[in-house]
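Chemist: Provided herewith is a single structure, encoded as structure tokens, for subsequent inquiry.
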Amino acid sequence: MNKYSIFSLARNAMSHHEKWQRAWRSPSPKKRYDAIIVGGGGHGLATAYYMAKEHGMRNIAVLEKGWIGGGNTGRNTTIVRSNYLWDEAAQLYEKSMKLWEGLSQDLNYNVMFSQRGVYNLGHTLQDMRDIQRRVNANRLNGVDGEVVDAAELQKRIPHLNCSPDSRYPVLGASFQARGGTARHDAVAWGFARAADNLGVDIIQNCEVIGFRRENGEIQGVETSQGYIESPKVGVVTAGSSSVLANMAGLRLPLESHPLQAFVSEPIKPILDTVVMSNAVHGYISQSDKGDLVIGAGIDSYNGYGQRGSFTTIEHTMTAIMELFPIFSRVRMNRQWGGIVDTCPDACPIISKTDIKGLYFNCGWGTGGFKATPGSGWVFAHTVANDNPHELNAAFALDRFISGALIDEHGAAGVAH
Amino acid sequence: MLLIECPYCGVRDESEFTYSGEAHIVRPLEPSALSDKEWADYLFYRSNPKGLHREMWYHSAGCRRYFNAVRDTVTYKFKCVYKIGDSQPNLDELSSSAKHPADVEAK
């Protein structure tokens, strides 16, 4: 692999940028791998990368039905933060945050991670009490956090409507300065390139259509490109997790919903941070290209259609207008939907299953992007060692039976 | 925007309705007699199919009554609606009949 640097940039400029190597190979599947990851999104590619890097597994493949990063990885609003309430979640997301902080160097790929800060607004007294509690809990877990009052907020974000006369007045916010955004496509491409460099086969247009198992052990996967043998299969397929689980005869406590996002036409720099509101239900940031990146809640009904309904678009825009009346005449450029796998406690499932050698990493719901490196890191450990890392032990499938749920609806409610 | 046929009021806009999740999930008569696994199954586990889905809708800004529907979760198209207590429609028949009389077009 050619290392990307200022020198390689200069060298390739000499040859009119016509001699760049392709970033990853396009191999045909081998007959057998030591491990297979199903799903070539950010989480799947990160899993393969950390399996190769941290656990020395080189004979592994990532199978992707479409193209890498074409699902939710390319369909989210790119927000990264780690200010979750409960210890288990805070530690998992904070692990991810720490990986984000060194990710561009680690991958030798600029993922454009920008720690521009994330504000979570409070609109009621109870919101503010919850924010106090969450910031305190964050600090105890070593996650940075700050409570900001409305006057200070108005100074920091001049265009935010903090008027006491608004329908849902802004009373303050929590602020995580280390939060921010990253370039979602670059995350997929960076992990793909780095994993490929370590020998991982990334096989696109390869759909898994069944699992082969014997005596309760996984033997391999049936795919659109034929049968591939492997003693370990990790499934990281977000909205399609229930479909894959059904193929293996398993049930998951998940429901798949469309989640929409929007970008506006590019405008001059106006918003240098990320603003989210649970109460009016919307979030917004501005990309480096200048477009406003906007999202809100899921469409209420189950769906696999990768598009949503107009009522949700209207709700989202209403929320953004409430927060930023100045954007009333900005036109939206594009709208799309991804399919998110929502879990009853708004926390992921990173777990072994009843079938030996079959692992699931799913249930990230509306907020998986921020966790991409951390999710891959703990899932790689789980698959490589057939045992969860202490960071994801609490996120096992059996918590729905034992009742040890990790209720993050407060921190995850609108959060991406 | 979906047009949804309420069995009591007729065809109305999606915005008048609230989705209420998978249909025909019956609360166990004797919860204390269940194992943790069975209780978890009742509380948390759903079929979440890619295709036809029996689900409950609530006409919240209309007659305020619940009813059931079969909807395709890929096309979002309603195959049929039926009242609570009516017998469950056969999904195989619905998927084979492309033009069911109760079809409501997704617009």
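The values are calculated or read from the model by the stated rules, or taken from the named source; none is laboratory data. In this text, all values refer to a predicted model and were calculated from it rather than measured experimentally. Cβ placement follows ideal geometry from the backbone for every residue including glycine, while neighbour counts extend to all protein chains displayed. For accessibility, only protein heavy atoms count, side chains too; no ligands or nucleic acids. Shrake-Rupley method; radii C 1.70, N 1.55, O 1.52, S 1.80 Å.
Chemist: Kindly list the number of the only condition in (1) under 30 Å from A:GLY295 (Cα atoms); (2) crowded, with 19+ Cβ neighbours inside 10 Å that fails for A:GLY66.
Modeler: (2)
Chemist: In region B:43-74, how many are closer than 25 Å to B:ARG12 by Cβ, within 11 Å of another protein chain (Cβ to nearest Cβ) and aromatic (Phe, Trp, Tyr)?
Modeler: The qualifying residues number 2.
Chemist: Further, regarding this structure: Got a sec? Which strands (runs of 3 or more DSSP E) wholly within region A:94-180 have at least 1 residues that are open to solvent by 60 Å² or more (accessible area, probe 1.4 Å)? Break it down into steps so the answer makes sense when it comes.
Modeler: Working: elements: A:118-122, A:146-149, A:172-176.
Because the criterion is at least 1 residues that are open to solvent by 60 Å² or more (accessible area, probe 1.4 Å), the strands (runs of 3 or more DSSP E) in region A:94-180 that meet it are A:146-149.
Chemist: Which condition number does A:ASP341 fail, the rest of (1) modelled with pLDDT of 95 or more; (2) under 19 Å from the mean Cα position of the chain (by Cα); (3) assigned to a loop (DSSP other than H, G, I, E, B) being met?
Modeler: Exception for A:ASP341: condition (3).
Chemist: What residue, among those in region A:357-380 that are touching a Pro at 6+ places or on another chain (Cβ under 9 Å) and either of a type in the set (Val, Ile, Thr) or in a strand (DSSP E or B) (or both), is farthest from A:ILE294 (Cα to Cα)?
Modeler: A:VAL378
Chemist: Quick one: in region B:1-20, which of the residues that are exposed (fewer than 15 other Cβ atoms within 10 Å of the Cβ) and over 18 Å from A:ILE313 (Cα atoms) is nearest to the other protein chains (Cβ to nearest Cβ)?
Modeler: Looking at residues that are exposed (fewer than 15 other Cβ atoms within 10 Å of the Cβ) and over 18 Å from A:ILE313 (Cα atoms), I get B:VAL11.
Chemist: Restricting the search to region A:35-54, which residues are in a strand (DSSP E or B) and out of contact with any strand residue (DSSP E or B) (no Cβ under 9 Å at 6 or more places or on another chain)?
Modeler: Correct list: empty.
Chemist: What residue, among those in region A:389-413 that are in a loop (DSSP other than H, G, I, E, B) and among the hydrophobic types (A, V, I, L, M, F, W, C), is surrounded by the fewest Cβ atoms within 10 Å (Cβ to Cβ)? Don't jump to the end; show me each part of the working.
Modeler: The initial filter retains those residues of region A:389-413 that are in a loop (DSSP other than H, G, I, E, B), namely A:389-392, A:396-398, A:403-408, A:413.
Among the residues that remain, those that are also among the hydrophobic types (A, V, I, L, M, F, W, C) are: A:391, A:396-397, A:404-406.
Working: A:LEU391: 20, A:ALA396: 18, A:LEU397: 19, A:ALA404: 12, A:LEU405: 16, A:ILE406: 19.
If we take residues in region A:389-413 being in a loop (DSSP other than H, G, I, E, B) and among the hydrophobic types (A, V, I, L, M, F, W, C), then A:ALA404 is surrounded by the fewest Cβ atoms within 10 Å (Cβ to Cβ).
Chemist: Oh, and also: Looking only at region A:9-28, filter to residues that are in contact (Cβ under 8 Å) with a residue 24 or more places away in the chain and among the hydrophobic types (A, V, I, L, M, F, W, C); which one of those is farthest from A:VAL200 (Cα to Cα)?
Modeler: Selected residue: A:ALA23.
Chemist: Quick one: A:ILE267 ticks every box in (1) within 29 Å of B:PHE44 (Cβ to Cβ); (2) of a type in the set (A, V, I, L, M, F, W, C); (3) open to solvent by 10 Å² or more (accessible area, probe 1.4 Å) except a single one, so which number is it?
Modeler: A:ILE267 satisfies every listed condition except (1).
Chemist: In region B:21-42, what residues are away from chain A (no Cβ under 14 Å) and closer than 21 Å to A:ARG399 by Cβ?
Modeler: Of everything in region B:21-42, just one residue is away from chain A (no Cβ under 14 Å) and closer than 21 Å to A:ARG399 by Cβ, namely B:PRO28.
Chemist: Here's another thing I want to ask about it. On the given criteria, is B:ALA106 away from every other protein chain (no Cβ under 14 Å) and either at pLDDT below 95 or touching a strand residue (DSSP E or B) at 6+ places or on another chain (Cβ under 6 Å) (or both)?
Modeler: no
Chemist: If I go through region A:10-27 residue by residue, how many of them are exposed (fewer than 10 other Cβ atoms within 10 Å of the Cβ) and not in a helix (DSSP H, G or I)?
Modeler: Keep residues of region A:10-27 that are exposed (fewer than 10 other Cβ atoms within 10 Å of the Cβ), which gives A:10, A:13-18, A:22.
Among the residues that remain, those that are also not in a helix (DSSP H, G or I) are: A:15-18, A:22.
Residues in region A:10-27 being exposed (fewer than 10 other Cβ atoms within 10 Å of the Cβ) and not in a helix (DSSP H, G or I): 5 in total.
Chemist: Scan the strands (runs of 3 or more DSSP E) fully inside region A:231-312 and keep the ones with 3 or more residues being within 10 Å of chain B (Cβ to nearest Cβ).
Modeler: Correct list: A:255-266.
Chemist: Of all residues in region A:202-230, which are polar (S, T, N, Q) and assigned to a strand (DSSP E or B)? Before you say what the answer is, go through the steps one by one.
Modeler: Step one: list which residues in region A:202-230 are polar (S, T, N, Q), which gives A:204-205, A:215, A:219, A:223-225, A:230.
Across region A:202-230, the qualifying residues are A:GLN219, A:THR223.
Chemist: Criterion first (free of Cβ contacts under 8 Å to residues at least 12 places away in the same chain and either within 14 Å of chain B (Cβ to nearest Cβ) or more than 13 Å from the chain's Cα centre (by Cα) (or both)) does A:GLU408 satisfy it?
Modeler: Against the criterion (free of Cβ contacts under 8 Å to residues at least 12 places away in the same chain and either within 14 Å of chain B (Cβ to nearest Cβ) or more than 13 Å from the chain's Cα centre (by Cα) (or both)), A:GLU408 does not qualify.
Chemist: Has region A:337-349 got any residue that is in contact with a Gly (Cβ under 9 Å, 6 or more places away or on another chain) and within 23 Å of B:ASP13 (Cα to Cα)?
Modeler: yes
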